[in-house]
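Quick notes on the structure that follows.
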Amino acid sequence: MRLRNWIAVVVSVLLLAAVGIVGVLVNRSALRAADTVHRTDSQALAVNNATLAGSMQLLSAKELSEFASGHPFTLAPGAAADRQVLEKYIRKSELFPYGAALTSLDGKLLNATRRNPLPDADDPGYQAMRELLLAGKPGFSPVMSVTDAKGVASAVQAVAIPIEVEGAPVALLVGFNKFTDTNLQAYTTKLKASAHTTQIVDGAGVVGISSDISKIGSRIDPAIVAAARANPAGPIFVEYESDGVEMLAIAVTGDPLPSGWAYVRTQTTASFDGAVHRRSQTINVTLLAMLLIGVVGISILGYRTQVQRRRADEKFAALFQHAPDMVAVLDADGKLSYSSPSAASVLHFPPGSLQGSSVFDLVHPDDRPGMREAFGRLFDQRDSVLRLQCRVLNSSGNATWFEFTASNQMHNPALNGIVINARDVSETRAFQERLAHEAQHDALTGLPNRRRMQDALGSSLRQEPVAVLFVDLDGFKPVNDAHGHEAGDELLRQVADRLASCVRECDVLSRVGGDEFVVLMPGIYHRTDADAMSTRVRLAIEQPFYVQGNEVVIGASVGVHVANAADDPDQALRAADHAMYEIKHLGGGRNAAIPEQRHLLHVGRHRSEA
């Protein structure tokens, strides 16, 4: 009897040991899959944020290049005209309001704005910037420091582009921005969270942009800098210690960020691993405890196991109930075998109603073919990972942009499906679309800018004739001088509204700079139609404006040119510009007769040549 009891105890212990080993292995496999998805998703998010940061920095260099190409400089040391051009530029620029300078190719200062103090000429950041330019890369300096008259230090960055004459660089145009005042810092501040810190650092590890603004100008941990230099090709995870606390950093170096700069997100390892790791450790401890109490009997131990498993499931479900991300598992037919509670709440479906439904039925009809093709490739590749963005329909039929990260775990017995992590990226896409809109529209009037107008003119001339009206305001400068720039800006906005009421729906109205506007009229074959629009525009502008309680009367000189299909777009703009200058020379729109259109061999210079 005693032997039989011992045999029963031994069998119970062996059975429990076998169950415990299987449980540990399954838990470890699920944890690896969750870690894979979590790390992949974190890397994708880091790359997306780094791409956005790099795009915003490259946009600043692009604006600087466009300004340099449209404004010839004398490049004489201390030239007052050059300084006036620079001062005017920083007053209008949203990206370089801090300051600008002209230097020789070897770094000698030729001219500079005086609004704010600029970094000392011997600051090593200038040399690093010039080395990048010599290597054919965008000229971005590392973090540079300036001190104002009150002794307050600030972190700034210099961005340089070459000024070319007849195709050869002769000098450098340098723009300065204060990190705390940039659009990139404003965006990064929105990413602030108690669990992690988002930073953009230079090659030496000095922080330029940070979700914690107090860290700007400080240095990140040397372990991150060393790891980033050793792995310059892409996103990496760096594990290190800070004041005895285990830390984890995600670093993105190289493209699309400027050379030497890196995107870094740091947090404690515990916060990164989160509750899933803690729950996994609890399960492992529980399994070991069950082995120790195996002698109590299979029945009691089995009951305890069931209770603990049920509680673990409830806690796991509670963990995902309010999570912003949706987690789901698909079977071989694309149907949901599991979906986190947050999936139903985010999409406003009744709890449990998504179970068994096809994921393709939730995708916007326009995105379904691409979604099916992508998942078809994923099913054919073991352990492959897929990332894509598509629109998902909620219970009301409204579409929201989500980013999917899918991992093929069909071979994984713990999951046996495609593991999906979905994140709402509608705000990120809206921000990117807003950046694209701002790149092609005038910030003051909201009208298409010069680049957008030139694209529209080139596209239209490939199909049909286009009438080009070049409008320059008469008497605008006195308004600025008498009432100030704010009144001038308000007048330009009213002029834009009035011009918009004159043009046809198919016409393109743009502001090309200062007080100059261009109207494109596709499909106009006869000069009389263009002249009629010119008269309508001129008469509209001559009506009084009311700006800040003052009645303002101005005029408009309108140059007209009807370009034939397949004509050169730049030639058409120059011809309209020349016609406008002829009217200017005759006394402006109020006094000059409309000159006849003629073919021009030598026309006035137009800024589209830049």
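The values are calculated or read from the model by the stated rules, or taken from the named source; none is laboratory data. These numbers were taken from a predicted model, which means no experiment stands behind them. Note: ideal-geometry Cβ built from the backbone for every residue, glycine included; neighbour counts use all protein chains shown. For accessibility, only protein heavy atoms count, side chains too; no ligands or nucleic acids. Shrake-Rupley method; radii C 1.70, N 1.55, O 1.52, S 1.80 Å.
Overview of values
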{"read-out": "Matching residues in segment 360-397 - criterion: being among the aliphatic types (A, V, I, L, M) and within 20 Å of residue 41 (Cα to Cα)", "value": "371, 374, 378, 385, 386, 388, 392"}
{"read-out": "Filtered residues of segment 168-188 (kept if surrounded by fewer than 19 Cβ atoms within 10 Å (Cβ to Cβ), of a type in the set (A, V, I, L, M, F, W, C) and either in contact (Cβ under 8 Å) with a residue 40 or more places away in the chain or not in a strand (DSSP E or B) (or both))", "value": "170, 186"}
{"read-out": "Residue match in segment 199-207 (condition: within 23 Å of residue 42 (Cβ to Cβ), assigned to a loop (DSSP other than H, G, I, E, B) and either among the aromatic types (Phe, Trp, Tyr) or open to solvent by 60 Å² or more (accessible area, probe 1.4 Å) (or both))", "value": "no"}
{"read-out": "Within segment 136-164, considering residues that are more than 20 Å from residue 61 (Cβ to Cβ) and part of a strand (DSSP E or B), the one least open to solvent (accessible area, probe 1.4 Å)", "value": "146"}
{"read-out": "Filter pass, residue 387 being among the charged types (D, E, K, R), open to solvent by 30 Å² or more (accessible area, probe 1.4 Å) and at pLDDT 80 or above", "value": "yes"}
{"read-out": "Test: residue in segment 266-279 that is open to solvent by less than 50 Å² (accessible area, probe 1.4 Å), in contact with a helix residue (DSSP H, G or I) (Cβ under 8 Å, 6 or more places away or on another chain) and under 17 Å from residue 48 (Cα atoms)", "value": "yes"}
{"read-out": "Some residue of segment 573-590 being of a type in the set (Gly, Ala, Ser), open to solvent by 10 Å² or more (accessible area, probe 1.4 Å) and in a loop (DSSP other than H, G, I, E, B)", "value": "yes"}
{"read-out": "Test result for residue 486, open to solvent by 10 Å² or more (accessible area, probe 1.4 Å), under 30 Å from residue 573 (Cα atoms) and outside any strand (DSSP E or B)", "value": "yes"}
{"read-out": "Odd one out for residue 233, checked against (1) surrounded by 13 or more Cβ atoms within 10 Å (Cβ to Cβ); (2) under 24 Å from the mean Cα position of the chain (by Cα); (3) at pLDDT below 90; (4) of a type outside the set (Lys, Arg)", "value": "(1)"}
{"read-out": "Some residue of segment 1-10 being assigned to a helix (DSSP H, G or I) and at pLDDT 80 or above", "value": "no"}
{"read-out": "Residue in segment 528-545 that is assigned to a strand (DSSP E or B) and either surrounded by fewer than 19 Cβ atoms within 10 Å (Cβ to Cβ) or at pLDDT below 90 (or both) present", "value": "yes"}
{"read-out": "Which numbered condition residue 102 misses (of (1) in contact with a Ser or Thr (Cβ under 8 Å, 6 or more places away or on another chain); (2) open to solvent by less than 20 Å² (accessible area, probe 1.4 Å))", "value": "(1)"}
{"read-out": "Top-ranked residue in segment 356-375 [being in a loop (DSSP other than H, G, I, E, B) and touching a residue at least 12 places away in the same chain (Cβ under 8 Å); ranked as most open to solvent (accessible area, probe 1.4 Å)]", "value": "366"}
{"read-out": "Candidates 210, 214, 218, filtered to the one that is more than 26 Å from residue 133 (Cβ to Cβ), open to solvent by less than 40 Å² (accessible area, probe 1.4 Å), under 27 Å from the mean Cα position of the chain (by Cα) and modelled with pLDDT of 85 or more", "value": "210"}
{"read-out": "Pair list, Cβ < 7 Å and 6+ apart or interchain, from segment 503-527 residues that are buried (at least 20 other Cβ atoms within 10 Å of the Cβ) to residues that are aromatic (Phe, Trp, Tyr)", "value": "509/517; 510/517; 511/517; 515/476; 518/470"}
{"read-out": "Residue in segment 81-99 that is surrounded by fewer than 16 Cβ atoms within 10 Å (Cβ to Cβ) and of a type in the set (A, V, I, L, M) present", "value": "yes"}
{"read-out": "Unmet requirement for residue 525, which otherwise passes all of (1) in a loop (DSSP other than H, G, I, E, B); (2) in contact with a helix residue (DSSP H, G or I) (Cβ under 9 Å, 6 or more places away or on another chain)", "value": "(2)"}
{"read-out": "Pairs with Cβ under 8 Å, 6+ apart, first in segment 376-397 and in contact (Cβ under 8 Å) with a residue 60 or more places away in the chain and farther than 14 Å from residue 423 by Cβ, second surrounded by 11 or more Cβ atoms within 10 Å (Cβ to Cβ) and β-branched (Val, Ile, Thr)", "value": "385/36; 385/40; 385/405"}
{"read-out": "Any chance residue 32 is under 30 Å from residue 513 (Cβ atoms), open to solvent by 40 Å² or more (accessible area, probe 1.4 Å) and assigned to a helix (DSSP H, G or I)", "value": "no"}
{"read-out": "Test: residue in segment 460-483 that is at pLDDT 90 or above and of a type in the set (Ser, Thr, Tyr)", "value": "no"}
{"read-out": "Test: residue 80 is among the hydrophobic types (A, V, I, L, M, F, W, C) and touching a residue at least 12 places away in the same chain (Cβ under 8 Å)", "value": "no"}
{"read-out": "Residue, farthest from residue 365 (Cα to Cα), within segment 411-427, restricted to residues that are surrounded by 16 or more Cβ atoms within 10 Å (Cβ to Cβ) and aliphatic (A, V, I, L, M)", "value": "415"}
{"read-out": "Selection count, segment 80-111, where residues are more than 30 Å from the chain's Cα centre (by Cα) and in a strand (DSSP E or B)", "value": "5"}
{"read-out": "All positions within segment 398-427 that are touching a residue at least 24 places away in the same chain (Cβ under 8 Å), under 22 Å from residue 46 (Cα atoms) and not in a strand (DSSP E or B)", "value": "425, 426"}
{"read-out": "Considering residues of segment 456-476 that are part of a helix (DSSP H, G or I) and touching a residue at least 12 places away in the same chain (Cβ under 8 Å) only, the residue nearest to residue 567 (Cα to Cα)", "value": "461"}
{"read-out": "Residue that is most open to solvent (accessible area, probe 1.4 Å), among those in segment 428-446 that are of a type in the set (Gly, Ala, Ser), at pLDDT below 75 and within 30 Å of residue 514 (Cβ to Cβ)", "value": "436"}
